[in-house]
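To keep things clear, I will list the structure first and then write my remarks on it.
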Amino acid sequence: MFKPLLPLEWCNTDPSSAGFDDALPSNSSALPDPYEVPAVTVPAPHLASSQPVMQVSDSSSDMIEPEVPIDPLNSAYPIPWNWVLATYAEFGDNHNIGSRFYRSPSLVSPDGQYAAYSRIQMQAEPELFGSRVTSVMFLENLQTGDLRTITASSPLADNPFGSSNETSVPGTISILIPVSWSESGDRILARQFEGMLNSSDASDYAVVWDRRNNHTSTLSPQRVQYTNAVLLGWSKIDSECVLFRAGNLGDESWPVWSVSIDGKTQLASQDRPIVYGQVLNQVWTGAQAR
């Protein structure tokens, strides 16, 4: 049975009020079952919605499909997986190739000065293992209109400054989406989801941009054996760290790990994730016009 993340409260409050205490009991040996990661070619079986409770100024009912799995890792911050599958079906049925685009909702900083959003591109081929999914995350200054891009340095990230040839390999999926601002709005946390289409190879990285020094860090659990990691959010205990749940397929329990900006990784069984910001579903959110 696939296990979804329990929802978090998308506001400046303790997410334990949304039931996270039940997901992480005080007894660290009693952690819940891990999330089984479905093969990236097929949807997972029936799940209750794993969407976080969000504060939105404009909602779009067709953006969320209740009781349908919308993320390969059952993350509370889902990538547009249904759109990926639908786009592949569009081209695969007709044995065509082509590109489609998708824009994520905007995540506005607590001080209202910045908004972050992603534009996702799928280059579809008749076979899923030949397709590629990439993204660009934009950071907009709402006062000046200036735009900057945020880029991960993970293995499959489409990084124009990187030297890896893996980013152009057919069958890769690499999506960067905003997850949370810091409470003061001086940093943003994004989820870098990477994997191979047509396989169960998939994992999260955390990307943190600090506007105080214009520095971007890409984080993942270090010196830990795992096949899949799921980004949970900022650490409530240490605001300079992020939390992951990471483990191996088949394991009965996946521990929670705290990862600092310098990569230091330690168990965080008593910690809780917390997120900040306001999600805006605007008229151009979702699949883009051809």
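The values are calculated or read from the model by the stated rules, or taken from the named source; none is laboratory data. Since this is a predicted model, take the numbers as computed values, not measurements. Heads up, the Cβs are rebuilt from the backbone with ideal geometry, glycines too, and the neighbour counts pull from every protein chain shown.
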(request) Would you check if there is a residue in region 201-217 being modelled with pLDDT under 95, crowded, with 22+ Cβ neighbours inside 10 Å and part of a strand (DSSP E or B)? (result) yes
(request) Might you check whether a residue that is among the polar types (S, T, N, Q) and modelled with pLDDT under 95 occurs anywhere in region 244-256? (result) yes
(message) Which numbered condition in (1) at pLDDT below 90; (2) aromatic (Phe, Trp, Tyr); (3) closer than 26 Å to residue 189 by Cβ is the only one that residue 83 fails?
(response) (1)
(request) State which residue pairs qualify: first residue touching a residue at least 40 places away in the same chain (Cβ under 8 Å) and inside region 118-130, second residue assigned to a helix (DSSP H, G or I) and of a type outside the set (A, V, I, L, M, F, W, C) in any location, beta carbons under 9 Å apart, and separation of 6 or more residues or different chains. (result) 125/88; 125/92; 128/88; 128/92
(message) If I ask for residues that are under 19 Å from the mean Cα position of the chain (by Cα) and either surrounded by 21 or more Cβ atoms within 10 Å (Cβ to Cβ) or under 22 Å from residue 177 (Cα atoms) (or both), which ones from region 247-262 would you list?
(response) 247, 254, 256, 257, 258, 259, 260, 261
